[in-house]
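J.: Okay, handing you the structure first.
The values are calculated or read from the model by the stated rules, or taken from the named source; none is laboratory data. For clarity, every value in this text was computed on a predicted model and none was experimentally measured. Positions of Cβ are generated from backbone atoms using ideal geometry, with glycine treated the same way; all protein chains shown enter the neighbour counts. Note: areas computed on protein heavy atoms with side chains; ligands, DNA, RNA excluded. Shrake-Rupley method; radii C 1.70, N 1.55, O 1.52, S 1.80 Å.
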Amino acid sequence: MGETADSEYVEYVTARLPALHRLAFVLSGDSHRADDIVQQTITNLYVKWSRVRTVDHLDRYVRSMLVNTFLDEKRLAWARVRLFAEPPDAVVPDGGGEAEDRTLLRTALTQVPRRQRAVLVLRFYYDLPIDEVAKVLGVSPGTVKSQTSHGLAALRRLLGERPVAALTKER
């Protein structure tokens with residue numbers, strides 16, 4: 001890459017890094033995994049930068065890359081390595097505060113299947129319309145609707161009677 005392209009890449013990634021990390025964190029539920037997902041995404045972006053830097057919706061393209069990196073993560077060999085026979089129990093706070101609700105929702109969200117989780121995060125956390133989510137994930141709008149329905153049903157089962165609205169409050 002030329003010097004101009006390199007500086008454009010650095011400028012773009014520097015400006016978008018917090019938003020990319022936020023998305024990766026909400027998807028993965030783990031700050032360290034979010035770091036790995038973002039690192040893989042920006043590495044892939046660097047390789048493709050000379051071709052993609054002029055696309056019309058660069059943020060949408062990079063968001064798609066990140067979501068696909070998250071979805072593909074389970075296929076990689078290192079993702080199957082387990083340090084524990086069973087994952088440690090998540091700490092679920094008692095009480096009714098907003099911070100506790102977000103923590104409870106994040107914990108429940110990590111138990112929802114990955115594709116449904118991606119749809120829920122893009123639809124409700126990022127407030128993207130169905131058609132946009134379909135473009136990001138490379139699926140039909142009908143698939144987004146059904147994944148949203150199944151994901152919300154899974155969250156309702158996990159949360160019981162607690163409201164699911166806390167997902168959209170945290171921005």
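J.: Taking H placed 1.01 Å from N in the peptide plane, check which residues at least 5 places from Leu128 or on another chain put their amide H under 5 Å from its amide H.
T.: Result for Leu128 returns Arg123.
J.: Place a label point 7 angstrom from the Cα of Arg60 along the Cα-to-Cβ direction, then list the residues of segment 117-151 whose backbone nitrogen is under 15 Å away.
T.: Output list for this probe position: 123, 127-141.
J.: Quick one: Karplus J couplings for segment 21-30, per residue in order, coefficients 6.51, -1.76, 1.60, θ = phi - 60°, nearest Hz, x for Gly and Pro?
T.: For segment 21-30, the Karplus-derived couplings read 5, 4, 4, 5, 5, 5, 5, 8, x, 9 Hz, x marking Gly and Pro.
J.: I've got another one for you. Between Ser149 and Ser31, what is the label-point separation in nm under the 7 Å Cα-to-beta-carbon projection?
T.: 3.9 nm
J.: Next question. Taking θ = phi - 60°, what integer Hz values does the Karplus form 6.51 cos²θ - 1.76 cosθ + 1.60 yield along segment 137-153, in sequence order, with x for Gly and Pro?
T.: The phi angles translate into 8, x, 10, 7, x, x, 5, 4, 4, 5, 5, 5, 4, 5, x, 5, 4 Hz.
J.: With θ set to phi - 60° and the Karplus curve 6.51 cos²θ - 1.76 cosθ + 1.60, what are the ³J(HN,Hα) couplings of segment 42-47 in order, to the nearest whole Hz, using x for Gly and Pro?
T.: Once θ is set to phi - 60°, the couplings for segment 42-47 become 6, 5, 4, 5, 4, 4 Hz.
J.: Keeping all protein chains in place and using 1.4 angstrom, which order do Glu132, Glu11 fall into by accessible surface area, from largest down?
T.: Glu11, Glu132
J.: Report the label-to-label distance for Gln39 and Val52 in nanometres (one decimal), using points 7 Å from each Cα along the Cα→Cβ vector.
T.: 1.9 nm
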